[in-house]
Amino acid sequence: QVQLVESGGGLVQPGGSLRLSCAASGSIFGLYTTGWYRQAPGKQRELVASITRGGSTNYADSVKGRFTVSRDNAKNTVYLQMNSLKPEDTAVYYCNADLMTNNGSYYVDCWGQGTQVTVSS
């Protein structure tokens, strides 16, 4: 069974930093385009950042200059470095990816379980 597992969330003060990880587990050949999404209470899930397998990135305007998405293809892991965090960044953060298993099966639109990020003093 393949799955995505997010980690690294927590409570941080405004202006602080966190690094989220999204790791694929199971017999994984590779992750393809991967996105980080977030959902705050009472709001719709929104795309925060995305990265292709080749490393091309895209960011929501609200996080440009503060968040950086990166990946380690050898570890089948994608990261989200979040700096200068604001209270409005508080949300559950999810990763979403297309992936291929070692036996050649291709899975699209896979979601992790989410990790809570709370920015508060």
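The values are calculated or read from the model by the stated rules, or taken from the named source; none is laboratory data. As the structure is a prediction and not an experimental result, all values here were calculated from the model. No Cβ is skipped: glycine too gets one built from the backbone with ideal geometry, and neighbour counts run over all protein chains shown. Note: areas computed on protein heavy atoms with side chains; ligands, DNA, RNA excluded. Shrake-Rupley method; radii C 1.70, N 1.55, O 1.52, S 1.80 Å.
Scan segment 44-60 residue by residue and report those that are touching a strand residue (DSSP E or B) at 6+ places or on another chain (Cβ under 9 Å) and either in a loop (DSSP other than H, G, I, E, B) or without any contact (Cβ under 8 Å) to a residue 24 or more places away in the chain (or both).
Correct list: ARG45, GLU46, LEU47, SER50, THR52, ARG53, GLY55, SER56, THR57, ASN58, TYR59, ALA60.
Assess whether ILE51 counts as being under 20 Å from GLN3 (Cα atoms), of a type in the set (Val, Ile, Thr), at pLDDT below 95 and out of contact with any Cys (no Cβ under 8 Å at 6 or more places or on another chain).
Spelling it out, it is not the case that ILE51 is under 20 Å from GLN3 (Cα atoms), of a type in the set (Val, Ile, Thr), at pLDDT below 95 and out of contact with any Cys (no Cβ under 8 Å at 6 or more places or on another chain).
Just for segment 4-28: of the residues that are within 12 Å of THR77 (Cα to Cα) and at pLDDT below 90, which one is surrounded by the fewest Cβ atoms within 10 Å (Cβ to Cβ)?
My answer is SER25.
What number of residues within segment 101-121 satisfy the criterion of being open to solvent by less than 50 Å² (accessible area, probe 1.4 Å) and out of contact with any Pro (no Cβ under 8 Å at 6 or more places or on another chain)?
Number satisfying all stated conditions: 9.
Conditions first: (1) hydrophobic (A, V, I, L, M, F, W, C); (2) at pLDDT 95 or above; (3) part of a strand (DSSP E or B). VAL63 passes all but one, so which condition is the exception?
It is condition (3) that VAL63 fails.
Residue by residue through segment 34-54, note down the ones that are farther than 14 Å from ASN73 by Cα and of a type in the set (Val, Ile, Thr).
VAL48
So which pairs qualify, if the first residue must be in segment 4-21 and more than 30 Å from THR101 (Cα to Cα) and in a loop (DSSP other than H, G, I, E, B), the second must be of a type in the set (A, V, I, L, M, F, W, C) and modelled with pLDDT of 95 or more, the Cβ gap must be under 6 Å, and the two must be at least 6 apart or on different chains?
PRO14/VAL119; GLY16/LEU85
For residues that are crowded, with 19+ Cβ neighbours inside 10 Å and among the hydrophobic types (A, V, I, L, M, F, W, C), scanning just segment 76-93, find the one that is nearest to ALA40 (Cα to Cα).
ALA91
What's the number of the condition MET100 fails, among (1) under 15 Å from the mean Cα position of the chain (by Cα); (2) among the aliphatic types (A, V, I, L, M); (3) not in a loop (DSSP other than H, G, I, E, B)?
(1)
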